[in-house]
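One structure is given here, and the rest of the page talks about it.
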Amino acid sequence: MSLSLPPLSFAGSPLAAAIVDLDGTLVDTLGDFEVALGGMLQELGAAPLPRAVIAHMVGKGSEHLVASALRHCGLAHDPADALHRYLAHYDRINGRHAEPFPGAAEGLQALQAAGLRLACLTNKPTGLAQQLLRDKGLDGFFLHVFGGDAFARKKPDPLPVLQTCAALGTAPAATLMVGDSRNDAEAARAAGCPVALVTYGYNHGEPVRAVDADLFVDRIDALPVLLQQA
């Protein structure tokens, strides 16, 4: 028997869909970032970066991550070449050092069972995102998977959120954004979407509860109950 839950709403308005971030929201990928960046930096003659430093850099796409790593290490290297090296390493190890967060799969199942149309929107390249979701058994929940190369601009610009709403066929006000950082919150706010942030993500090293969001949740599988209470 398939799971079925009552329709979800926020602030009295029905929800039709949810857009869910990937890194730091569904899957803990710091291990992948650490290994791929470490491989790139080793090729450039630099020491690897610890996860705590990398966690402050992720969230705005591979270009931003690589440029931040180069600056942190004081490397005056061509960013395009460094990005090429980084992506080659990442493609080889994608998902090997990453695990879904507790409650991620259960939360997606609950949102789907409540009738929400789901899309994954990440600043990670689309191909890497699709592969990671497949490897972790999370791809079947999503009607669409869009990466940082899918649109002309990346989060925190609202364009990817608005385009994802269009692909889902839902109004922004009826589409919940689920993420882990101000990157997601700023994009959602500018697009007119309600936003829920998980408390365990990366958020550039800043306290997530200081971000302008509608809800904060410790596990995604607790989100339906919080929405019913909101």
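The values are calculated or read from the model by the stated rules, or taken from the named source; none is laboratory data. Predicted model, so just to flag it, every value in this text is computed and none were measured. When we count neighbours, we look across all protein chains shown, and the Cβ atoms used for this are built from the backbone with ideal geometry, even at glycine. Quick note on the areas: whole protein, heavy atoms, side chains included, nothing else; ligands and nucleic acids left out. Shrake-Rupley method; radii C 1.70, N 1.55, O 1.52, S 1.80 Å.
Do we find that residue 48 is without any contact (Cβ under 8 Å) to a residue 24 or more places away in the chain and within 23 Å of residue 202 (Cβ to Cβ) in this structure? Taking the combined requirement at face value, the residue satisfies it. The helices (runs of 4 or more DSSP H) found entirely in the range 136-230 that carry 2 or more residues being free of Cβ contacts under 8 Å to residues at least 24 places away in the same chain and surrounded by fewer than 19 Cβ atoms within 10 Å (Cβ to Cβ) are 159-168, 223-229.
For the range 27-46, a residue qualifies if it is surrounded by 22 or more Cβ atoms within 10 Å (Cβ to Cβ) and either on the phi > 0 side of the Ramachandran plot or assigned to a strand (DSSP E or B) (or both), and exactly one does: 27.
Going residue by residue through the range 185-200, is there one that turns out to be charged (D, E, K, R) and touching a helix residue (DSSP H, G or I) at 6+ places or on another chain (Cβ under 7 Å)? Checking the range 185-200: not a single residue is charged (D, E, K, R) and touching a helix residue (DSSP H, G or I) at 6+ places or on another chain (Cβ under 7 Å). Taking the conditions exactly as written (surrounded by fewer than 20 Cβ atoms within 10 Å (Cβ to Cβ) and at pLDDT below 95), does residue 63 satisfy them or not? Considered against the rule, which asks whether it is surrounded by fewer than 20 Cβ atoms within 10 Å (Cβ to Cβ) and at pLDDT below 95, residue 63 comes out as yes. Note on the range 59-91: residues that are within 23 Å of the chain's Cα centre (by Cα), among the charged types (D, E, K, R) and closer than 22 Å to residue 156 by Cβ amount to 2.
In the range 14-43, the qualifying residues are those that are among the small types (Gly, Ala, Ser) and more than 19 Å from residue 143 (Cβ to Cβ), and the one that is nearest to the chain's Cα centre (by Cα) is 24. Filtering the range 47-60 to residues that are part of a helix (DSSP H, G or I) and open to solvent by 20 Å² or more (accessible area, probe 1.4 Å) leaves 51, 52, 53. Against the list (1) in contact with a helix residue (DSSP H, G or I) (Cβ under 9 Å, 6 or more places away or on another chain); (2) at pLDDT 95 or above; (3) farther than 17 Å from residue 59 by Cα, the condition residue 166 fails is (1).
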